[in-house]
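Note sheet for the following structure.
A short reminder: the numbers here are calculations on the coordinates, not readings from a lab. Treat the numbers as computed from the prediction; the structure is a model and nothing was measured. Neighbour counts run over all protein chains shown; Cβ positions are idealised from the backbone, glycine included.
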Amino acid sequence: MVTREGARWHYLDSAATAQKPNVVIDAVARALGPDYATVHRGLYARSAEMTTAYEAARREVAALIGGAEHELVFTRGATEAINLVAQTWGVANLRPGDRILLSLLEHHSNIVPWQLIRDRTGAEIDVCPLTPDGRIDLDAAEAMLSPAHKLVAFSHVSNVLGGVLDVARAVRMAHAVGARILIDGCQAVARVPVDVAAFDCDFYVFSAHKLYGPTGIGALWAKAELLGAMPPWQGGGSMIDRVTFAETTWAPAPQRFEAGTPAIAEAIGFAAAARFVKAQGLGAIHAHEAALVKRARSELGRINAVRLFGPEDSAGIVSFTIEGVHPHDLGTILDEENVAIRAGHHCAQPLMAALDIPATARASFALYSDDSDIAALVRGIERTLRIFA
Ligand code: PMP
């Protein structure tokens, strides 16, 4: 990575959003330039071609996670995908006395939509604790789950601690009590192989921008029978079959959930990102990031003032604090050294409260990260410690 001025830039904030490869930038530029036209309506050739490309994008994005195109809804991102499930499946299926199981490490976007639905439906929320090394404690989840649980919603990879969920086990446990399970794959899709068919999960959500794709688009994958039975969410063009003032009938899924002109160029960029990641190989990306995590944890662990969080084998994400230095001060000093980290609560305030800290510093990797980024981080931390001493 380089700064705008051409200096070396150590970008360690890929868990917030990934930098884009040229294949994605070029695909979006072509879609906004020579290929641009609307989808699903035009009778002229360019619009028909764009419609074909948009639907091919749906197929490619679904294939990346082992799903089929008729099971994939384009959304604005993971946040909107979770809200969609909460507002449609949740409202149709949750009643007073029903329970939802979340975990302590969830991102706010996998907490707040369920609170809104709790308040609308009278369902209750339970919170699964973590293991001492910061994973969702599936033994505890198993003990907590009851036939009253209608939904489990867990993240596949924690955006703060980096721990990887045993999705297949979580799915078996949820299904054993008759609950549906939603997996927040926002941090996972770019870091570990995902196969929704093998997992047998019910819903899987993610954002393109963490997968080397554009912002403004993401996806909800859902089992066809669930998606087919879900009522519409937003009304407007494209999501209807027939409209009269007396009555309107809906288009089948996934179109039923895509009201209005969609994010066309973004969908094309999303597919380019999916192709890019597939070509690199998620196994190889995971191995590359695992090696960086190992190295980072070992180098940071040598600095006395550093406290590391999360499991040893976290996926591409290392959270830490430094005794006597607020993470925000660390972030500011590191920026002077062209090292970009994230500092804060990472949209996981309940996790921060449970850890009894206001914030962490977080270094997160991607396939373009390398050892020189870790070396720069360590140099920056050592300089910070000298300043604070
Ligand atoms: N879940 C997790 C685990 C995340 O890391 C994020 C983004 N930080 C989200 C959900 C929300 O994603 P978006 O903001 O792209 O909708």
Exercise. Cα axis of helix 22-32 to longest principal axis of the chain: angle in degrees, 0 to 90, nearest 10?
Worked result: 30 degrees
Exercise. What residue among Ala53, Ala37, Phe276 has its Cα farthest toward the positive end of the dipole of the chain, where the charges are +1 on Lys, Arg and -1 on Asp, Glu, each on the Cβ?
Worked result: Ala37
Exercise. Tell me, what is the percent relative contact order of the chain, built from C-alpha pairs under 8 Å that lie six or more residues apart?
Worked result: 22 percent
Seminar exercise, completed: Counting only DSSP beta bridges with both partners in the chain, the antiparallel fraction in percent, to the nearest 5, comes to 60 percent
For this session: Could you calculate the contour length gain from Asp370 to Met1, that is, 0.36 nm times the residue separation minus the distance between their Cα atoms, to one decimal place in nm?
Result: 131.8 nm
For this session: Would you please give the residues with an amide H less than 5 Å from that of Ala340, counting only those at least 5 places away or on a separate chain, with H modeled from the backbone geometry?
Result: His10, Tyr11, Leu12
Exercise. If you put +1 on each Lys and Arg Cβ and -1 on each Asp and Glu Cβ, how big is the dipole of the stretch 22-279 around its Cα centre, in Debye rounded to 20?
Worked result: 340 debye
For this session: For the stretch 44-53, take each phi angle, set θ = phi - 60°, evaluate the Karplus expression 6.51 cos²θ - 1.76 cosθ + 1.60, and give the result in whole Hz per residue in order, putting x for glycine and proline.
Result: 8, 4, 5, 5, 4, 5, 5, 4, 4, 5
Problem set entry | the stretch 245-295 versus the stretch 38-71: alpha-carbon centroid distance in Å | 12 Å
For this session: Read phi for every residue in the stretch 127-140 and hand back ³J(HN,Hα) as whole Hz from Karplus 6.51 cos²θ - 1.76 cosθ + 1.60, θ = phi - 60°, with x for Gly and Pro.
Result: 10, 7, x, 10, 6, x, 8, x, 9, 5, 7, 6, 5, 5
For this session: Can you work out the PRE-style zone for His326? Point 7 Å along Cα to Cβ, and I want the residues of the stretch 346-373 with backbone N under 12 Å.
Result: 358-359
For this session: Let me have the 222 nm mean residue ellipticity of the chain computed from DSSP H runs of 4+ only, each contributing -39500 (n - 2.57), with the sum over all residues rounded to the nearest 500.
Result: -11500 deg cm²/dmol
Exercise. How far is helix 327-336 tilted off the main Cα axis of the chain, in degrees rounded to 10, range 0 to 90?
Worked result: 80 degrees
For this session: Would you count, across the chain, every pair of lysines whose alpha carbons are under 23 angstrom apart, provided the pair is eight or more residues apart or spans two chains?
Result: 6
Exercise. Along the principal axes of its C-alpha atoms, what lengths does the chain span, in descending order and rounded to whole Å?
Worked result: 73, 55, 34
Exercise. Mind listing the phi-derived Karplus ³J(HN,Hα) values for the stretch 186-191, rounded to whole Hz, using 6.51, -1.76 and 1.60 with θ = phi - 60°, and x for any glycine or proline?
Worked result: 3, 8, 8, 4, 9, 10
For this session: Multiply the residue gap between Val112 and Phe388 by 0.36 nm, knock off their C-alpha separation, and tell me the result in nm, one decimal place.
Result: 95.6 nm
Exercise. So what is the relative contact order for the stretch 281-388, in percent, with contacts set as C-alpha pairs under 8 Å and at least six apart?
Worked result: 29 percent
Seminar exercise, completed: Of 218-227, 132-141, ordering from highest average Cβ density within 10 Å down gives 218-227, 132-141
Seminar exercise, completed: Amide H proximity to His149 below 5 Å, modelled H, separation 5+ or other chain, gives Arg99
Seminar exercise, completed: Exposure proxy check on Leu165, Leu116: fewest-to-most Cβ neighbours within 10 Å is Leu116, Leu165
Problem set entry | Projected label distance in nm at Lys278 and Tyr36, using a 7 Å step from Cα toward the beta-carbon | 2.7 nm
Exercise. Expressed in nm to one decimal, what extension gain is obtained for the pair Asp241 and Ala45 from 0.36 nm per residue of sequence separation less their Cα-Cα distance?
Worked result: 68.2 nm
Exercise. Anyone know which of Glu299, Glu80, Glu60 comes out most mobile in the 10 Å Cα GNM of the chain?
Worked result: Glu299
